Amino acid sequence: MSTSMTLEDSIRAKKQDRDILLMTHIVLGHPSFEEGMRIVEAMVDAGVEVMELQIPFSEPTADGPVILRANQQSLENGATVERCLQFAEECARRFDISFLLMTYYNILFKYGLEAFAQRMADAGLYGAIVPDLPPEEAGEYLEAMQSRNLAPIFIYTPTTDDTRMQLIADVAEGLVYCVARRGVTGSDTHFDEELDLYLARCRAATDLPLALGFGVKDRADVDHLVGRVDLAVIGTQTIRLIEESGIEAVKPFIEGLRDPS
Amino acid sequence: MTETNAKAGYFGEFGGSFIPEILAATFAELLAAYGDARSDPAFWEEYKRLMSTYSGRPTPLTYAENLTQHFGGAQIYIKREDLNHTGAHKANNVIGQGLLMKRMGKTRVIAETGAGQHGVATATMAAKFGFDCTIYMGEVDVRRQRPNVFWMERLGATVVPVTDGTRTLKDAINEAFRDWVTNMDDTHYALGTACGPHPFPEMVTWFQSLIGEEARAQILKERGTLPSAVYACVGGGSNALGIFSGFLDDADVKLVGVEAGGHGLSTGRHAARLASDDATIGVAQGYKTFFLQDGDGQMRETHSVAAGLDYVGVSPILSNLSENGRVRFEAASDTEVIDALSLTIKKEGLIPALESSHGFVQAFKDAPNFSKDEAILINQSGRGDKDIFTVADAFDDPKWRQFIQEKAAEYAARGDNPDVD
């Protein structure tokens, strides 16, 4: 099965009915693959439009303590890349939302870039986020993704200047992931004027849909982002929630982030 | 120095700069400052002057007469990087990066450390230059290397034990990157070896090239000819690249890098990336090189009696020099290392660090095969006497154990809680 619609088309279509879309994140194999599938079900039920499925890596340098530990626990439980890809394939088959892979470059590199992209296309996935692969090193990856209509998703940060935003816009597809602040995943972000100025720069640099991630944790944060970006990314917060209150807490939490459609 | 591709930061197919977007501007700034420093002869002059007044450079070249007689082959010479301030070649790199920090106006330095030598060297540099300093060190290493932690703290550094992953060197590097992506405005990450994203492999090699520059001039002065072979231990690769730099263009000088053979290559419990067939090419910690990893690309646990060699990756410059055959790589097992150390202490009154002793192992194996009119050169990258806890453990010295037990009993009997911070 391969996706007929690109990530960008899919986001634009869904954006017709919603003033902001939600993108969530799980680490595959954490706390287990079985529980992971229940979490995906809960998120889809709650109306999430896009999900990032993270294949765990032993050296997750861009991740903060919560996601770092999730990576480690998943690997300790025996998660393999193959098992993760099977899980992603099952998600794409069962649920009618856009699934993305997120992982570090070594996972793709060792699998083989062509083979990895082909596997993603066969599985019905929409794109990938690879936080340690800057555009300058991405030549072969870009070719493998683009030739299969898969979105290579790149990242903007507050330290990215306008010239570099343009360079990234030239290679990015699907959406651009805007990191809200310095630091790693899972710390607080101030939803203030400085963030707005940064998002205005992002908006000016590309016509692609924008997703804002790092530190989005509640309804007020999501409300603040309406009109500024197309998607709000909830990452660490749901992992924390599940650790504290169990999987049952996921659906009401996500539903509470927006008005009912 | 070494051949590079058209693409900056590549050595053959190795190297590169696989950094998160948040650090792109920081690396652009570092590249510019490094480029300026390299094209400014005054920078190198200041660096050399400081190393001569603060760190005992040029370090001597010692003729090991007794070892030479013992093996009955090549004349054995030893480059004495152990005589640097803080006891290892690590001082060269940190002083160089400290001077670069001053140019960039950074006021805080962070570093990873395994055995603790790079941490102590960085904390020393920070004290001298007035920088704030945070050292990341795996929890396992903090326990193994308390004396170095003691000195880092006395020198004013904050030592953060890293409790993630294997809780050793690679995890300390990850944690230092996490600090850097948060605090890059005022903070420089002084990476301790010739690994990581461009320009670190090339820049650290440049700072360490003092070793080879001096050694080449010293041995020519002493003997009038070049050595037949040069030996150095290889963890990340900075001391090896430092001494090899002086001889890369001398095709007749054999260059030999010695990695940690641990319990033996066949056991899997080692850190031999280039001397074994266990490593494959991958991309992690910002660069492409040979890593000890599984088929999925997950990093494996490594082992060495020498914490400073206990690392999953290796300098991309060395991976290239291995591929093109310029440097030969061998492995020395833990037991061979203890034997070579013991012999060097008894024959020469020199105490190489456990790391450096790896280079001695292979030099001793090869020495009898050279003729008496040939010379070989070993880089004694660090001194072992200051790692007395580790070395005494490696020798399994009963009197030392008794001393520690008595000391512990003394502390327990005193019942007070000595100043712990």
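Throughout, read-outs are computed from the coordinates displayed, never taken from laboratory work. The structure displayed is predicted, hence computed values, not measured ones. Cβ coordinates were reconstructed from backbone atoms using ideal geometry, including for glycine residues, and neighbour counts include every protein chain displayed.
Rounded to whole numbers, the Karplus 3J(HN,Hα) couplings from phi for region B:181-187 are 5, 8, 10, 5, 4, 10, 10 Hz, using 6.51 cos²θ - 1.76 cosθ + 1.60 with θ = phi - 60°, and x at Gly and Pro. When the charge dipole of region A:1-111 is built from unit charges on Cβ atoms (+1 for Lys and Arg, -1 for Asp and Glu) and taken about the Cα centre, the candidate among A:7, A:85, A:109 whose Cα reaches farthest toward its positive end is A:109.
Given the -39500 (n - 2.57) contribution per DSSP H run of 4+ residues, what per-residue ellipticity at 222 nm results for the protein assembly as shown, rounded to the nearest 500 deg cm²/dmol? Calculated at 222 nm, the ellipticity per residue is -13500 deg cm²/dmol. One Cα centroid belongs to region B:75-135, the other to region A:112-134; the line between them spans 41 Å. Here the extension length gained between residue A:240 and residue A:35 equals 72.3 nm, from 0.36 nm per residue of separation less the Cα-Cα distance. About the centre of its Cα atoms, the protein assembly as shown shows a dipole size close to 1720 debye [charges on the beta carbon of Lys, Arg (+1) and Asp, Glu (-1) only; nearest 20 debye]. Residue order for A:98, B:371, fewest other beta carbons within 10 angstrom first, comes to B:371, A:98. Using every pair of distinct Cα positions in region A:129-241, the Kirkwood expression returns a hydrodynamic radius of 14.6 angstrom.
Largest GNM mean-square fluctuation among B:277, B:385, B:310, using chain B with Cα springs under 10 Å: B:277. Averaged over the residues of B:295-304, the number of partner chain Cβ atoms lying within 10 Å of the residue Cβ comes to 5.
Counting Cβ atoms of other protein chains within 10 Å of each residue's Cβ and taking the mean over peptide A:52-62 gives 6.
If R0 equals 25 Å, the separation of the Cβ atoms of residue B:397 and residue B:153 corresponds to a calculated FRET efficiency of about 0.40.
Under a model in which nothing but the beta-carbon of Lys, Arg (+1) and Asp, Glu (-1) is charged, region B:12-101 shows a dipole of about 380 debye around its Cα centre. Among the residues of B:306-314, the average count of other protein chain beta-carbon atoms within 10 Å of the residue beta-carbon is 0. When each of the peptides B:143-154, B:190-201 is scored by the mean number of other C-beta atoms lying within 10 Å of its residues, the order from highest to lowest reads B:190-201, B:143-154.
Placing a pseudo-label 7 Å from each Cα along the Cα-to-Cβ vector at residue A:201 and residue B:409 gives an inter-label distance of 6.6 nm.
For region B:204-220, 3J(HN,Hα) computed residue by residue from phi via the Karplus equation (6.51, -1.76, 1.60; θ = phi - 60°) reads 5, 4, 4, 5, 7, 5, 3, 4, x, 4, 5, 4, 5, 5, 5, 6, 5 Hz, glycine and proline entered as x.
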